[in-house]
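The values are calculated or read from the model by the stated rules, or taken from the named source; none is laboratory data. As the structure is a computational prediction, the values presented were derived from the model and not from experiment. Methodologically, a virtual Cβ is constructed for each residue, glycine included, from the backbone with ideal geometry; neighbour enumeration extends over all protein chains shown. Please note that ligands, DNA and RNA were not included when accessible areas were found on the heavy atoms of the full protein model with its side chains. Shrake-Rupley method; radii C 1.70, N 1.55, O 1.52, S 1.80 Å.
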Amino acid sequence: SGVSAALARFFEPRGWSGVTRLLGLTLLGILIALIAEKAVNFALRRWRGQSVDVLPETLRQMFKTLTIRAFFEAIGLVVFFYVAGFALRALLSGEAPSSASGLRTYPDALIATSFVSAVVIIPRIMIMVNKFLIAPKQPHLRLIHTDDWTAKFLYRQTGIVYVIWGILNFSIPFLSSHGLGIGEFRIGFWLNTLAYILFFYGTWRTREGLTMMLMGADKDVTRGEAAVARAYPYICMVLIVLNWLLIEALVAKKMFHLLNGQPTLTMLLLVFAPVFDTAVRGLVRRLVPPMSGEGLVAQAAYMRTKRSYIRIGRVISAVVVIFTITWLWGIDLTNLSAANTGFRVVGALFEAVIILLVGYLIWELVSLWINRKLAAERTAMGFDSDDEGLGDEGGTGVSRLATVLPLLLGVIKVAIAVIFGLIALGNLGVDTTPLLAGAGIVGLAIGFGAQKLVADIVSGIFFLIDDAFRAGEYLDVEGTMG
């Protein structure tokens, strides 16, 4: 009944003839804008063809081709936007129609331009972004690793969802401007629910393709990555349901200031995680230096380097996503300490997660550097980790640096884990002083109780530092040989 009353207020000053005129001229303005866009695209076809028709061979060339194509599409979209605006203002010029009841109404040109912006232009921008990412008709330009059917289905399904959201984004201010308060009409609920049902259905239908996206084109996928990839579509479904519930809860609480796209953009950030992962893998393929040397040591070093680069990229992506989400929701982590208890706890958890991510990033960078140095030393000495048949005389041994580096790596990793773990606990409000004191007491007790063991460990460290012997050498110590 409220929607009917709002539509009656819209019809009252215009009548059927005025509404028909508004619809007809709006369609005419859209047609004029489309003709102008097609004319510009036709004029630029030569430059666009020269840039896009080249078959890319590398990720850089692919990204360049996609960027150029998106640039030309954006030019056409900008032309459509401005021509539509000028045409609608020219065709629907004049004052707002007067209402017999004295109710304030809006000019037809404003209503028409709002409709075109919400239902046509914004969905087309989102569809253009989708086309950039998944290239439904051009597999050789697809940034995300998936099959053709999944790419085409996602392209169509998300396009329909964007149009429904566009209708919703037009309907809410339109009905509100005609006397119906936000949150008081059910059409918003049904349009939003329909969009999320389509989103959920699309995720279910393309679950195998989404798993393929996260697996990527690389063959060296770990068991953990494979498990996450298989669970990813179902995680997306849960996120879609939770996001829908969040929006309805915010509407029920009349917290409309938090409905300016924050829930939807947050969900899209989390759902389109394969985009970030694909980007990381693509950058790694370009940044990782080629394998130096031959043999199992060189190959293992190359794989460790590649995995370290991927993990570092994922940590950076996670930090960017976290800060983007906090920015979308207007959360200032530095001021949460002055808020109530719930916000202080959330802020402390956020900061602890960031601290642990930074520590993990340093861990990976140190591991990457030491492992590369270790592999270079072993490769230069011709040492192969699979070579066990050295004979009774043994080998010549690797370099002094290659002998000490594994010990150094273990010490640094333990130090990083302890330091950043204590910092994170301290940020959560845990008093780390008793932990340090207890660790000191336990260490002292172990030191007194196992003096011989500690002495052996210290002696072993000094043997390595003094270069008494190296890994790979054949030793004879008091009758024990090896």
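The stretch between ILE461 and ILE68, if pulled fully straight at 0.36 nm per residue, gains 135.6 nm over its current Cα-Cα span.
Quick check: Cα centre of segment 1-43 to Cα centre of segment 186-231, how many Å? Segment 1-43 and segment 186-231 have Cα centres separated by 37 Å. Between ASP147 and ALA468, the contour length at 0.36 nm per residue exceeds the alpha carbon distance by 109.7 nm.
LEU368 sits with roughly 20 Å² accessible to a 1.4 Å probe, with DNA, RNA and ligands left out of the calculation.
Taking amide H positions as modeled 1.01 Å from N, with prolines and chain starts lacking one, the residues under 5 Å from ALA471 and 5 or more places away or on another chain are VAL398, THR403. Of the peptides 437-449, 130-142, the order by per-residue mean of other Cβ atoms within 10 Å, starting with the highest, comes out as 130-142, 437-449.
Name the residue from ALA135, SER176, LEU194 whose Cα lies farthest towards the positive end of the charge dipole of segment 120-243, charges +1 on Cβ of Lys and Arg and -1 on Cβ of Asp and Glu. Going by the Cα projections, it comes out as ALA135. For the residue pair ALA217 and GLN138, what label-to-label distance in nm results when each label sits 7 Å from Cα along the Cα-to-beta-carbon direction? About 1.5 nm, to one decimal. According to the calculation over all Cα-Cα pairs in segment 104-252, the P(r) per 5 Å bin from zero is 2, 9, 14, 16, 17, 14, 10, 7, 5, 3, 1, 1, 0, 0 %.
Highest mean packing comes first when the peptides 4-10, 77-83 are listed by Cβ atoms within 10 Å, giving 77-83, 4-10.
Could you calculate the contour length gain from PHE200 to VAL78, that is, 0.36 nm times the residue separation minus the distance between their Cα atoms, to one decimal place in nm?
40.7 nm is the gain from fully extending PHE200 to VAL78.
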